[in-house]
Amino acid sequence: MPAKPPAKPRFASQPRVPLPGSEKASVASLPPQLAPHAAPPKTKAVTVTLILHPATPFDPKTRITRAQLTARTAPVPAAIRLARAFAAEFGLHAATHATAGRRSLSLTGPEAAMQKAFGVTLSHHEIGGKPCRCREGVITLPQELAPHVQAVLGLDTRPQAQPHFRVAKPHASNISYTPVQVAQLYGFPASSAAGQTIGILELGGGYRAADLTAYFKSLGLTAPKVTAVSVDGGKNSPSTADGADGEVMLDIEVAASVAQGANVVVYFATNTDQGFIDAISTAVHDTTNKPSVLSISWGGPESSWTAQSTTALDQACQAAAAVGVTITVASGDNGSTDGVTDGANHVDFPASSPNVLACGGTKLTGSGSSISSEVVWNELASGEGATGGGVSTIFPLPAWQSGAKVPAGGRGVPDVAGNADPSTGYEIRVDGQTSVIGGTSAVAPLWAGLIVLANAQNKISAGFINTALYQSQGACNDITSGNNGGYQAGPGWDACTGLGSSIGASIVQALSGSVPTKKPKKPVKPKKPVKKS
């Protein structure tokens, strides 16, 4: 029998269409430590995120289950079949991305096939001593497939985010606190968070169980159950105290010591936009650990993200709110410029997402349960950082922030604040030694701990809490003194510390009404007693 003639290429012969928002900065714009690097022999997976049909936004007032979320985020079967056919034609293997519902496909194959499939040229370099893969310009797709694709992530593996923690420099005037002491100053409830799970997202570093045991013993507390979850090849990889381990240990130790009894799940992912987004989706869809809060202390200036990445990540945060997961995010440690040297003000993403609680920083002094002073964290003059904050150039002003007097532009950052100045920092154990660490990285897990305490007390997860917080009067300590470079603190919301730092009991009360509730049943009228004849 004669051999079957090869199938006529379906996608290769079609016109190519640029993928909106996929523009990537040229390799020439990379840091000076850039160096050529030999291409790795193994292939890497690329995530193709499909557009929802219909693209119905989630309503934060309506809570759904994780199973319902998976059903809601499923693209039409025709789109999946189209994407699989495209992958097969270009020699790529397609698998449904199980941890992100059925909305994305993971494509694996030779690098040459990736370049042909997505119309890109890939090069290999080294940034900060680590190898990465780079692409420039836009991704293009066959005309038939393009309308169904929202993002293609993973072709470029340059580091996407930075951890927002700062180790205190030695100064005679420095003071430090345990996380428990900070919680007391903010009036956190002295109750248990048993039954709750805090999720923590990490893009590097790791923890050692021996350090956690020793740290919590030194505080007279029970060490939490900590579980590591691997995402896209990321893993618990402790190294040295001056690396990302400081971030990981700060996050775990702050969150778990202020919310005693809570379990902790750490989602380790690669430091790429693909890893970041997949880690959030993994936590949101995690039906095993079921975190009710996700703390994120990593980010980067909005200008360093592609539009396709910000859209995909923001939608993952929107999905979190739909299933009752609150996301707390550090607002950055480089003041109003966010470390960008173009002379303009910038905000950090994902703190600027309207679907997260953005956490800014203060300098706190006090004793016991009495705060003696709290001002905006700003040590820019000594090169030791300041709280991030400002106005988004990507996201418009959300309705719940309309009365906050945000400067003209878009979504205002941050929403709330907490102790972050390293000169009034937290005593943290990292790789066998105790350090004093600050940064807005400490504020995200601090608020995460308070929220799970509220969830335990209110017996329901709070989910998206911004609307409730902006409507609450007196739930926060209003910070009115200081600046972060471009913005000044003042009465009410400001672009340095948001609504202010927490008043624990008031926050718990405010969140008791922030979740959807069933309408109360009408009281049953008692029956009239039957008169005996």
So is Ser26 farther than 27 Å from Asp286 by Cβ, modelled with pLDDT of 90 or more and hydroxyl-bearing (Ser, Thr, Tyr) or not? no
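Would you mind finding the one in Val248, Val229 that is among the hydrophobic types (A, V, I, L, M, F, W, C), touching a strand residue (DSSP E or B) at 6+ places or on another chain (Cβ under 8 Å), in a helix (DSSP H, G or I) and more than 20 Å from Leu357 (Cβ to Cβ)? Lay out the reasoning, then the answer.
Details: Val229 fails: in a helix (DSSP H, G or I).
Unique residue meeting the criteria: Val248.
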Looking only at residues that are at negative phi and under 17 Å from the mean Cα position of the chain (by Cα) in the stretch 229-248, which one is surrounded by the fewest Cβ atoms within 10 Å (Cβ to Cβ)? Ser230
Test: residue in the stretch 71-83 that is polar (S, T, N, Q), part of a helix (DSSP H, G or I) and either buried (at least 21 other Cβ atoms within 10 Å of the Cβ) or at pLDDT 90 or above (or both): no
Can you spot a residue in the stretch 41-50 that is among the aliphatic types (A, V, I, L, M) and either in a loop (DSSP other than H, G, I, E, B) or at pLDDT below 75 (or both)? no
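How many of the residues in the stretch 321-346 are open to solvent by less than 20 Å² (accessible area, probe 1.4 Å), in contact (Cβ under 8 Å) with a residue 60 or more places away in the chain and not hydroxyl-bearing (Ser, Thr, Tyr)? Break it down into steps so the answer makes sense when it comes.
To start, the set of residues in the stretch 321-346 that are open to solvent by less than 20 Å² (accessible area, probe 1.4 Å) comprises 321-333, 335-336, 338.
Filter once more, keeping what is in contact (Cβ under 8 Å) with a residue 60 or more places away in the chain: 321-326, 328-333, 335-336.
Still in the list and also not hydroxyl-bearing (Ser, Thr, Tyr): 321-325, 329-330, 332-333, 335.
Going through the stretch 321-346 one residue at a time, the tally reaches 10.
Test Ser173 against the criterion of being of a type in the set (S, T, N, Q), touching a strand residue (DSSP E or B) at 6+ places or on another chain (Cβ under 6 Å) and either surrounded by fewer than 18 Cβ atoms within 10 Å (Cβ to Cβ) or in contact (Cβ under 8 Å) with a residue 40 or more places away in the chain (or both), and give yes or no.
Values: of a type in the set (S, T, N, Q): yes; touching a strand residue (DSSP E or B) at 6+ places or on another chain (Cβ under 6 Å): no; either surrounded by fewer than 18 Cβ atoms within 10 Å (Cβ to Cβ) or in contact (Cβ under 8 Å) with a residue 40 or more places away in the chain (or both): yes.
It is false that Ser173 is of a type in the set (S, T, N, Q), touching a strand residue (DSSP E or B) at 6+ places or on another chain (Cβ under 6 Å) and either surrounded by fewer than 18 Cβ atoms within 10 Å (Cβ to Cβ) or in contact (Cβ under 8 Å) with a residue 40 or more places away in the chain (or both).
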For Glu126, the lone unmet condition from (1) surrounded by fewer than 16 Cβ atoms within 10 Å (Cβ to Cβ); (2) among the acidic types (Asp, Glu); (3) assigned to a loop (DSSP other than H, G, I, E, B) is (3)
Looking only at the stretch 283-308, filter to residues that are within 23 Å of Phe165 (Cβ to Cβ) and not in a strand (DSSP E or B); which one of those is most open to solvent (accessible area, probe 1.4 Å)? Ser303
Considering only the stretch 403-417, how many residues are open to solvent by 50 Å² or more (accessible area, probe 1.4 Å) and closer than 20 Å to Gly474 by Cβ? 2
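Out of Ala209, Ala151, Ala112, Ala172, which single residue is at pLDDT 95 or above and among the small types (Gly, Ala, Ser)?
Numbers: Ala151 fails: at pLDDT 95 or above; Ala112 fails: at pLDDT 95 or above; Ala172 fails: at pLDDT 95 or above.
After ruling out the rest, the residue left standing is Ala209.
The values are calculated or read from the model by the stated rules, or taken from the named source; none is laboratory data. Here the structure is a predicted model, which is why all the values come from computation and not from measurement. We place every Cβ from the backbone using ideal geometry, glycine too, and count neighbours over all the protein chains shown. Side chains are part of the model used for accessible areas, which takes the heavy atoms of the whole protein and leaves out ligands, DNA and RNA. Shrake-Rupley method; radii C 1.70, N 1.55, O 1.52, S 1.80 Å.
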